[in-house]
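Notes for the one structure printed next.
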Amino acid sequence: MLRRQTKVVQIGNVKIGGSYPVAIQSMTNTKTEDVDATVRQILALERAGCEIIRCAVPTMEAAEALREIKSRIHIPLVADIHFDYRLAIAAIENGADKIRINPGNIGSEDRVRKVVEKAKERQIPIRVGVNSGSLEKELVEKYGGVTAEGLVESAVDKVHMIEQMGYNNLVVSIKASDVMMCVKAHELLAPQCAYPLHVGITEAGTILSGNIKSSIGLGIILYQGIGNTIRVSLTGDPLEEIKSAKLILRTLGLRKGGIEVVSCPTCGRTKIDLIHLANQVEDMVQDIPLDDVKVAVMGCVVNGPGEAKEADIGIAGGVGEGLLIKKGQIVKKLKEEELLPALREELLHWNQN
């Protein structure tokens, strides 16, 4: 897939844009002021595959907490700022690797300039964010409501304002909860923007609805070569965002590595608790460091071997028993309770086989 070429921006030890891979982001949902809880969550997200982490900075105490948080984690730390320009300045002074602001709610141009000057002093990238929920009144009136065109005009105006202040170390994001509006906005913005784009569907919803909306929206946008970092915004554990983002990127062929689990949808032939088994397998493989291995979990011994032939390894359930399959060939028959341990053992010793 051809990626749209943009300016390269460095965020801590991660580069985005240009030919660099699409980076996976998430955001903590702890109180940033609670350093220990925030660090625990970030370290768990790191292990899951998060590459850039963002923390809300609603208070000066939160801004000051960033210094210790950064000293205890290993991925770039982004400060999320709204309304108070002084918090953006404090976040930069306390070591944020990037700040996210919406210039429209920071206040006067003079306040935005003070933030830009501090970012320029430390060479910290600014992510210019525009959301459908905070689109300027004049643009809502101009376009007869919140539209993709209005979002793009707002973003381009903010970028030009910061460029005129002599700074171009920028990342841009335009987000909407309306999936197709968000898609259209990115299609309109991409040809006009030389900077990396952070892509996501804002306020996407719960694990179920949020995953569906994000998969459709991000899938369409990324498939067109647009987007340099992504966040799957879910109302739930941020770890779920990382799992979903990795799967979206792998499905589009933008990421390789890891273990892919495929499973059949069950039918009347299923004689095993396949739903529970498939979920167990998906959880089990998270901590096994293998690249590009496909595992199949099938519900019956009738079609299981054939359906799993494109997988590297798989299991197929029967009545109180099942088959272990490699490359479509039956290896051995096992009791139902032995299937999961046998599969794990095979994966743990995969490179020795």
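The values are calculated or read from the model by the stated rules, or taken from the named source; none is laboratory data. Keep in mind it's a predicted model, so treat the numbers as computed, not measured. All Cβ positions, even for glycine, are placed from backbone atoms using ideal geometry, and neighbour counts span all protein chains on display. Keep in mind that these areas ignore ligands, DNA and RNA; they rest on the heavy atoms of the full protein, side chains included. Shrake-Rupley method; radii C 1.70, N 1.55, O 1.52, S 1.80 Å.
What number of residues within segment 39-51 satisfy the criterion of being within 15 Å of SER71 (Cα to Cα) and crowded, with 18+ Cβ neighbours inside 10 Å? I'd like the intermediate steps shown before the answer.
We begin by selecting, within segment 39-51, every residue within 15 Å of SER71 (Cα to Cα); these are 39-43, 46.
Retained after the next criterion (residues that are crowded, with 18+ Cβ neighbours inside 10 Å): 39, 41-42.
Looking only at that region, the number is 3.
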Legend entry - Positions within segment 197-243 being part of a loop (DSSP other than H, G, I, E, B) and either of a type in the set (A, V, I, L, M, F, W, C) or open to solvent by 40 Å² or more (accessible area, probe 1.4 Å) (or both), in sequence order: ILE201, GLU203, ALA204, THR206, GLN224, ILE226, VAL232, LEU234, THR235, ASP237
Inset, instruction - Taking VAL130 as the residue in question, decide whether it is over 23 Å from ASN228 (Cβ atoms) and outside any loop (DSSP other than H, G, I, E, B). - result: no
Inset, instruction - Only residues in segment 68-94 that are closer than 17 Å to ARG122 by Cβ count as the first member; pair them with residues that are of a type in the set (Asp, Glu), Cβ under 6 angstrom, at least 6 apart or cross-chain, and list the lot. - result: PRO76/ASP97; LEU77/ASP97; ASN94/GLU64
Inset, instruction - Please work out which one of (1) of a type in the set (A, V, I, L, M); (2) crowded, with 17+ Cβ neighbours inside 10 Å; (3) over 27 Å from CYS182 (Cα atoms) is the condition VAL57 fails and give its number. - result: (3)
Inset, instruction - Test each condition in (1) part of a helix (DSSP H, G or I); (2) out of contact with any helix residue (DSSP H, G or I) (no Cβ under 6 Å at 6 or more places or on another chain); (3) within 25 Å of ILE220 (Cβ to Cβ) for GLU141 and report the one that comes out false. - result: (3)
Legend entry - Residues that are closer than 20 Å to ARG250 by Cα, of a type in the set (Ser, Thr, Tyr) and open to solvent by less than 30 Å² (accessible area, probe 1.4 Å), drawn from segment 1-37: SER26
Legend entry - Complete set of residues in segment 7-41 that are outside any loop (DSSP other than H, G, I, E, B) and farther than 21 Å from MET60 by Cβ: VAL9, GLN10, ILE11, VAL14, LYS15, ILE16, ALA23, ILE24, GLN25, SER26, ARG40, GLN41
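Could you tell me which of the residues LEU340, LEU252, LEU247 is open to solvent by less than 80 Å² (accessible area, probe 1.4 Å), within 21 Å of the chain's Cα centre (by Cα) and at pLDDT 80 or above?
Numbers: LEU340 fails: within 21 Å of the chain's Cα centre (by Cα); LEU247 fails: open to solvent by less than 80 Å² (accessible area, probe 1.4 Å).
Being open to solvent by less than 80 Å² (accessible area, probe 1.4 Å), within 21 Å of the chain's Cα centre (by Cα) and at pLDDT 80 or above holds for just one of LEU340, LEU252, LEU247, which is LEU252.
Checking the conditions here, which among ALA185, ALA194 is at pLDDT 90 or above and not in a helix (DSSP H, G or I)?
Details: ALA185 fails: not in a helix (DSSP H, G or I).
Only one candidate qualifies: ALA194.
Checking the conditions here, which among ALA176, ALA194 is surrounded by 24 or more Cβ atoms within 10 Å (Cβ to Cβ), in contact (Cβ under 8 Å) with a residue 24 or more places away in the chain, within 29 Å of ILE24 (Cβ to Cβ) and not basic (Lys, Arg)? Give the derivation first.
Values: ALA194 fails: surrounded by 24 or more Cβ atoms within 10 Å (Cβ to Cβ).
None of the others qualify; the one that does is ALA176.
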Legend entry - Tabulated pairs, segment 6-32, first among the basic types (Lys, Arg), second open to solvent by less than 30 Å² (accessible area, probe 1.4 Å) and assigned to a loop (DSSP other than H, G, I, E, B), C-beta under 7 angstrom, 6+ apart or interchain: LYS7/GLY17; LYS7/TYR195; LYS7/PRO196
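Just the residues that are outside any helix (DSSP H, G or I), open to solvent by 10 Å² or more (accessible area, probe 1.4 Å) and at pLDDT 95 or above, please, taken from segment 66-94.
ARG72, ILE73, HIS74, ILE75, ASN94
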